[in-house]
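Step one of this worksheet: look at the structure below.
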Amino acid sequence: MELRSLGGTGLMVSPVGLGTVKFGRNRGVKYPAPFDLPDDATLADLLAVAADLGINLLDTAPAYGSAEERLGRLLAGQRDRWLLATKVGEEFDGNVSRFDFSPSAVRRSVERSLRRLRTDRLDIVSVHSDGGEESLARFADTLEALRNLQRGGALRAVGFSGKSLAGGMMAAAYCDVVMLTYNPAHRAEQPAIAAAQRAGKAVLVKKALASGHLPGLGGGGALEAALRFVLAEPGVSSVVLGSLDPAHLAANVAAATAALRRPPPAPAFRTGS
């Protein structure tokens, strides 16, 4: 895969990133089928396949259970091969999520992520929204705490992983990276992608396949069509997809690669009155 510019961060990112929810959490998630957490050998194989496929973005979070700690072990000696994206604001205690967006919680979370991931810097740190009011008035102090950590060298880019158009628009104005939901069945946040592009900000798309619930994914070219829809949208830097199956991951990357080679069909225009 040919790398894409990650907005104005100076970083280059693969069009497909690997989400790591399933590395560390299998409770309170919304996937179509239950799953067991894999062992380290399985994850090491998956990461090796991801690297061979050209993926360089790993998306994780404290809310993903043990995912950060497991990545820290598994990526020993490989740190410079990957872009590491994590989050602040949400933590999962094994049963429920708890949210804290205070500046002190942000600092503690980033310091803990650095320890867990066994690294001296994080490439992207995003606010992990709880889906409540997504406004600058609510998150100004949170974002400023991240900016201070960015100025100190702990992280390279500040992001916001939201759940609404309002959150996406705020992130496009005040963050380096916008993480939002976009797929053929959920288009409401497209204006935030356009706003981010105008502002030179990066866009990471989550739930491009609606967490496996997107209609028609099991047949024909539906997967390629869905990824083409997302990746052809001007301003999108990368789509984050989760998988524990190397063959499934390879199929996703193949579909994305094919989608990038084939432009979307031209819109049909009606002539006459």
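The values are calculated or read from the model by the stated rules, or taken from the named source; none is laboratory data. Keep in mind the model is a prediction, meaning the values are calculated, not measured. With ideal geometry, Cβ positions are generated from the backbone for all residues, glycine too; neighbour counts draw on all protein chains shown. We work out accessible area using only protein heavy atoms, side chains counted, and drop any ligands, DNA or RNA first. Shrake-Rupley method; radii C 1.70, N 1.55, O 1.52, S 1.80 Å.
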Within the range 2-76: Cβ-based charge dipole about Cα centre, in debye rounded to nearest 20 (Lys, Arg +1; Asp, Glu -1)
300 debye
Based solely on its DSSP helices, what 222 nm [θ] is calculated for the chain when runs of n ≥ 4 H residues each add -39,500 (n - 2.57) and the sum is averaged over all residues, nearest 500 deg cm²/dmol?
-11500 deg cm²/dmol
Give the shape of the chain as rounded, prolate or oblate, defined through the alpha-carbon gyration tensor: a ≥ b ≥ c are the square roots of its eigenvalues, a/c under 1.5 means rounded, and otherwise the shape is prolate if a/b is larger than b/c and oblate if not.
oblate
Per residue, accessible area of the range 185-247 with a 1.4 Å probe, heavy atoms of protein chains only, in Å², comes to 40 Å²
Gaussian network model of the chain, springs between alpha carbon atoms under 10 Å - residue of Val203, Val29, Val88 with greatest fluctuation
Val29
Report for the range 1-98 the percent antiparallel among DSSP-assigned beta bridges with both residues inside it, nearest 5.
45 percent
Test of understanding: in a Gaussian network model of the chain with alpha carbons linked when under 10 Å, which of Leu11, Leu143, Leu83 would top the mean-square fluctuation ranking?
Leu11
Below 8 Å between Cα atoms, with a sequence gap of 6+, how large is the relative contact order for the chain in percent?
20 percent
Taking a ≥ b ≥ c as the square roots of the Cα gyration tensor eigenvalues, with a/c under 1.5 meaning rounded and otherwise prolate when a/b beats b/c, else oblate, which class fits the range 1-112?
oblate
Which value, in debye to the nearest 20, describes the size of the charge dipole of the chain about its Cα centre when Lys and Arg Cβ atoms bear +1, Asp and Glu Cβ atoms bear -1, and nothing else is charged?
400 debye
In what order, largest first, do Met12, Met179 sit by accessible area if the probe radius is 1.4 Å?
Met12, Met179
Label model pair Asn148, Asp93: point-to-point distance (7 angstrom along the Cα→beta-carbon line) in nm is 2.6 nm
Cα gyration tensor shape of the range 161-257, rounded if a/c is under 1.5, else prolate or oblate by comparing a/b with b/c:
prolate
Could you give each residue of the range 175-180 its phi-based ³J(HN,Hα) in whole Hz, using Karplus coefficients 6.51, -1.76, 1.60 with θ = phi - 60°, and x for Gly or Pro?
10, 8, 9, 10, 10, 8
Tell me which of Met179, His213, His248 sits at the most positive position along the dipole axis of the chain, charges placed on C-beta atoms (Lys, Arg +1; Asp, Glu -1).
Met179
